[in-house]
Every structure is written in C-alpha cells, then in structure tokens.
Amino acid sequence: MRIIADENMPYVNELFSAHAEVIQVSGRDITPEMLVDVDALLVRSVTKVNESLLAKANRLSFVGSATIGTDHVDQSLLKERGITFTNAPGCNANAVCDYVLSCLVLFAERNQLQISGLTAGIVGIGNIGRRLLPRLQALGMTVLCCDPLRAEQEPEFQSESLHTLLTQSDVITFHVPYTRQGKFATEHMIGTAELQLMKPRAILINACRGEVIDNLALKAFLMSKPELTVVLDVWENEPNPDEELLALVDIATPHIAGYSQEGKALGTSMVYDCWAEKNQLALSDINQLLPLPDLSAMSIAAEPSQELLKQLIQAVYDVRNDDARMRANAGNAGYFDHMRKNYPLRRELMSTQVNFAHPISSNAKDLLSGIGFQVTQ
Ligand SMILES: NC(=O)C1=CN([C@@H]2O[C@H](COP(=O)(O)OP(=O)(O)OC[C@H]3O[C@@H](n4cnc5c(N)ncnc54)[C@H](O)[C@@H]3O)[C@@H](O)[C@H]2O)C=CC1
Ligand SMILES: O=C(O)C(=O)[C@H](O)COP(=O)(O)O
C-alpha cells in the first residue's frame, strides 16, 4: 500500500509505516501526479482535495484529514467515487479552549477587567464551543450561545441570535465552520454592520476560519475604532494575511490555536484508527505517542486570584509568544507556513496537574478543574 501524507502530520511514521510505504510532502505541494498508484491520502487543512487534485488518482480508496474543519475537502466527490473519508472531530478542541483562555487572561490584565461578571458570547457550540462554555462559566462569566443549527436539531437547546451576542457580549469568540451556502452560511458573517453593533471596548476572537470575518471591513473599522480588542488566529488569504490588518490587531497568530501536541497526535491517531478499521488492523494508543509534558505539575499555596490564574495558564500556554513570533517574522517570504511547520512543542492545560501546598476551598478546586487543569482532590 502507498500513502501520501502532509509532512506536518506528526506520528504518521509511527502509526502507518509498519503497514504501508509512506511518502511525506508539503501539504500545499501535493499534485495530481503524486496520487498515481496511491491508496491513501492524509492531509491537514491546506490541501484542497477536489476534482483537479484527484484527476490521476487511479487507486485512491481513503482520504483522511487530521482536522475538524472540512472546507478544503469535496466530500460529495469522494462519496461519488466510493472513497472513504474521515476527519478528526474534537481532536484539537481543548487546544483552542486553552488559546481563548490565554487571550482572556491577557486582556483582562491589559484592559484592567475583572473576568468574573463579564458576558461572553460563543458563536458555534460544537466540539470547541461545548468545551469552552463550562470553562468560561467556571471563571464566573455569563455565557450566551449562538448556534441556530443545533437549535433546529435539538429543541431543548437555547440559541440566542447573533445580534444579541454582538450587542451584549464583552468577549465574543467564533467557533463555526467556514460555509458558503445555505441559510446559516458563515462566510463574512461579521462585516461592517455587525462590527458596529459590538460594545466599543469588546474583545473579538476569531480562531475558526479567516473568511468568517470580512477582513477588509475589519481593517477599515479598526482604523477608526482602535478601542475594539481583536485576536486573529485565522485570516483571509492564508498563508498571506493582510499585513496592515496584522498591525492593527492586538493578538496575531498563524492559524495555530489548535496546535497542541495532544491535538495534533489525536488528529493523526483518529485518522489512523479509521484507516486501521478499514484494513482490519489494531487501533492506536495515543498515550504511547505523547511524550511526558515538561510541566507535569504545579503547586499553589493560595486561593487562585485572577492574577494567579493568569500565571498558571501562561505557564502552560502563553499566546504572547506566538504573537511576538508572528510580528517578528511577518513580511519574510513563506513565514506563515514556516512558523506552522516549526511550531514549538505546546501542551494542553489538562496535561498539568495543580497541587496545593495548603488546603484550599472546593470552589477553588472546581474553578481550576473547570478551566481544564488536572486537580488533586
Ligand atoms: N484555528 C485553529 O487552529 C482551529 C480552527 N478550527 C475551526 O473551528 C471550527 C469549529 O470547530 P469545532 O467546534 O471543532 O467544530 P464543530 O463542527 O464541532 O462545531 C461547529 C459548530 O458551529 C455551528 N454552526 C455552523 N454554522 C453556524 C452559524 N451560522 N452560526 C452559529 N453556529 C453555527 C454548528 O452547528 C456546530 O455546532 C472548525 O470548523 C474549524 O474551521 C478548529 C480547530 C482548530
Ligand atoms: O482542525 C482544524 O480545522 C484546524 O484548523 C487545524 O488546527 C488546522 O491545522 P492545519 O491544517 O492548518 O495544520
């Protein structure tokens, strides 16, 4: 069996090489010619799996994307051609939650905000939104949810309108797929009119897909209203984001919100398990793939104040480092993809156990476990 895999998928050799010949290439450079006599194609989000890529794929029976997003894959074409497809739902959901928390504690300090009591709006209550909701509630925030698709499918699910979230939220964070068609299409769901509805000093976070926010409209808006705090992990026209927009936002990162070691390992292992089932092979064990975390435990000696929470979160993941690297590299040829390919090892909050030097309240323990840490009871 022959497999073509994106070189940015870790653990492909560990999982697939015992059963197949694996050729690793840059995801953006996979060509139709490379897919001749290939049985399986393993991608991340940068490979457009469409009719033109598959033009010479004479033997392809499996496509796996180690991502939750599927906007790069023509799934109906794969179905038509009898090619099995899988993605990796939820693989990086905890990582994106950590990213949002790291932004939140940073801006709470910079903007002198007390997080508890603020209102957060989550747009898209899927794998990420569902995990973010209890984390923000644990921090004492009132959380408004907008997901009209879920509301249609689950009558008990309460979805607020986007208008309500925009007008009432102090922090609004987007976790929807990129869709261009249908009544809930997300392309440019945020443009000038929506930006004008937001509280002037609100915090806007986009860690889903660049196209969900009209980047030109956002740039024009920020030129006249710089008091809006903006975090962009994703951009229109990746890997060449608008550098004027980059200079105007408060945190800029190169589509790495989901790039924890756990998230990447789980993405590959979920794809492997689907392929293994199809080929009647043993399933993977993600715990055997992951190295021990550098910071496996931290000890605290006091009830967690907002300042202490910030220190704990930043000790595991500090988004300022990614922002600083992006600004230092912006403008260099190929910098966006280079940063993603050479991304430093990052672990999730849940890989770190918080211990207590003195007894602390059960509320404090609930808070720490609620935001994602392991906590000794
Ligand atoms: N920056 C990064 O590194 C990452 C980005 N992503 C992006 O984030 C998106 C969300 O991730 P997950 O939560 O794992 O996906 P998911 O598919 O589990 O959840 C998406 C949710 O959005 C909802 N939705 C769809 N259209 C909507 C609309 N118009 N308004 C409100 N809600 C809507 C869906 O009903 C669903 O509940 C992915 O599709 C992907 O594009 C995901 C992981 C990492
Ligand atoms: O899972 C998704 O969807 C994502 O956006 C991934 O985190 C993106 O990873 P790459 O495909 O850009 O490596």
Practice task
Could you list, in sequence order, all residues of segment 256-286 that are surrounded by 22 or more Cβ atoms within 10 Å (Cβ to Cβ) and either free of Cβ contacts under 8 Å to residues at least 12 places away in the same chain or among the basic types (Lys, Arg) (or both)?
Solution key: LYS264
Exercise for the section: Scan (1) in contact with a Phe, Trp or Tyr (Cβ under 6 Å, 6 or more places away or on another chain); (2) over 21 Å from LEU42 (Cα atoms); (3) touching a residue at least 60 places away in the same chain (Cβ under 8 Å) for the single condition ASN329 breaks and write down its number. Expected result: (3)
Practice task
Return only the number of the condition from (1) out of contact with any Ser or Thr (no Cβ under 8 Å at 6 or more places or on another chain); (2) crowded, with 22+ Cβ neighbours inside 10 Å; (3) in contact (Cβ under 8 Å) with a residue 60 or more places away in the chain that HIS19 does not satisfy.
Solution key: (2)
Exercise for the section: State all residues of segment 233-255 that are buried (at least 22 other Cβ atoms within 10 Å of the Cβ) and touching a Phe, Trp or Tyr at 6+ places or on another chain (Cβ under 6 Å); if no residue qualifies, say none. Expected result: PRO241, PRO254
Problem - Residue that is under 20 Å from ARG320 (Cβ atoms), within 16 Å of ligand 2 (Cβ to nearest atom) and of a type in the set (D, E, K, R), where the choices are ASP233, ASP250 - result: ASP233
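Does MET350 meet the test of being in a helix (DSSP H, G or I), under 21 Å from ASN206 (Cα atoms) and touching a helix residue (DSSP H, G or I) at 6+ places or on another chain (Cβ under 7 Å)?
When the stated conditions are applied, MET350 does not pass them.
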Practice task
Please find, within segment 171-187, the residue that is surrounded by the fewest Cβ atoms within 10 Å (Cβ to Cβ) out of those that are over 16 Å from SER161 (Cα atoms) and more than 9 Å from ligand 1 (Cβ to nearest atom).
Solution key: GLN181
Handout entry: Subset of segment 54-72 that is surrounded by fewer than 21 Cβ atoms within 10 Å (Cβ to Cβ) and within 20 Å of GLY267 (Cβ to Cβ) - its residue that is nearest to ligand 1 (Cβ to nearest atom)
Key = GLY69
Practice task
Scan segment 262-299 for residues that are touching a strand residue (DSSP E or B) at 6+ places or on another chain (Cβ under 9 Å) and under 20 Å from PRO344 (Cβ atoms) and jot them down.
Solution key: GLY267, THR268, SER296, MET298
Handout entry: Unmet criterion (only one of (1) away from ligand 2 (no atom under 15 Å from the Cβ); (2) surrounded by fewer than 15 Cβ atoms within 10 Å (Cβ to Cβ)) for LEU195
Key = (2)
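Condition check ((1) closer than 25 Å to LEU290 by Cα; (2) not hydroxyl-bearing (Ser, Thr, Tyr)) across all residues:
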residue: ASN13; (1), (2): yes, yes
residue: ILE23; (1), (2): yes, yes
residue: SER26; (1), (2): yes, no
residue: THR31; (1), (2): no, no
residue: ASP37; (1), (2): no, yes
residue: ALA40; (1), (2): yes, yes
residue: LYS48; (1), (2): no, yes
residue: GLU51; (1), (2): no, yes
Practice task
Test ILE30 against the stated conditions and say whether it is under 19 Å from TYR272 (Cα atoms), surrounded by 13 or more Cβ atoms within 10 Å (Cβ to Cβ) and free of Cβ contacts under 8 Å to residues at least 40 places away in the same chain.
Solution key: no
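Since every read-out is calculated from the coordinates, none of them should be taken as a lab result. Just so you know, these numbers come straight off a predicted model, no measurement behind them. No Cβ is skipped: glycine too gets one built from the backbone with ideal geometry, and neighbour counts run over all protein chains shown.
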